[in-house]
Amino acid sequence: MAELPDVFSAKRPKGRLGPRFQIDWYEPGDDRPVVVQYVYPYAGERPVVHTPAQKNVVSPGWMRAPAYLKSTLRALGLPARPPAQARPSPSPSCS
């Protein structure tokens, strides 16, 4: 049996979610996305998906996605580990 996602309230889940990736959903023949979602594949044991309020979205909000989403995204090229976060370079000092 497939695991069903757990829908959160409209509030963002607590804790660090890791890097965010954007998924754009298109209708055939249209060059503009009809739905945009943000995926946090490295958020703990299961990925987190945020679907903001949009014209074509009936139930916006945050949800824990099925665990297999991460392996599906890895098959499409997602790295096994989160990319290293770029650290800002120090500002030059003024003398």
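The values are calculated or read from the model by the stated rules, or taken from the named source; none is laboratory data. Keep in mind that this is a model prediction, so the values were computed, not measured. Glycine also receives a Cβ, built like all others from the backbone with ideal geometry; neighbour counts cover every protein chain displayed. Heavy atoms of the whole protein, side chains included, go into the accessibility calculation; ligands, DNA and RNA do not. Shrake-Rupley method; radii C 1.70, N 1.55, O 1.52, S 1.80 Å.
A few notes on this one:
- Of note, ALA43 does not satisfy the criterion of being of a type in the set (A, V, I, L, M, F, W, C) and loosely packed, with under 13 Cβ neighbours inside 10 Å.
- Test result for ALA2, of a type in the set (Gly, Ala, Ser) and modelled with pLDDT under 90: yes
- Check on ARG81, modelled with pLDDT under 90 and open to solvent by 80 Å² or more (accessible area, probe 1.4 Å): yes
- Residues satisfying the stated conditions in the stretch 43-73, i.e. of a type in the set (Phe, Trp, Tyr) and either assigned to a strand (DSSP E or B) or under 15 Å from GLN22 (Cβ atoms) (or both): TRP62
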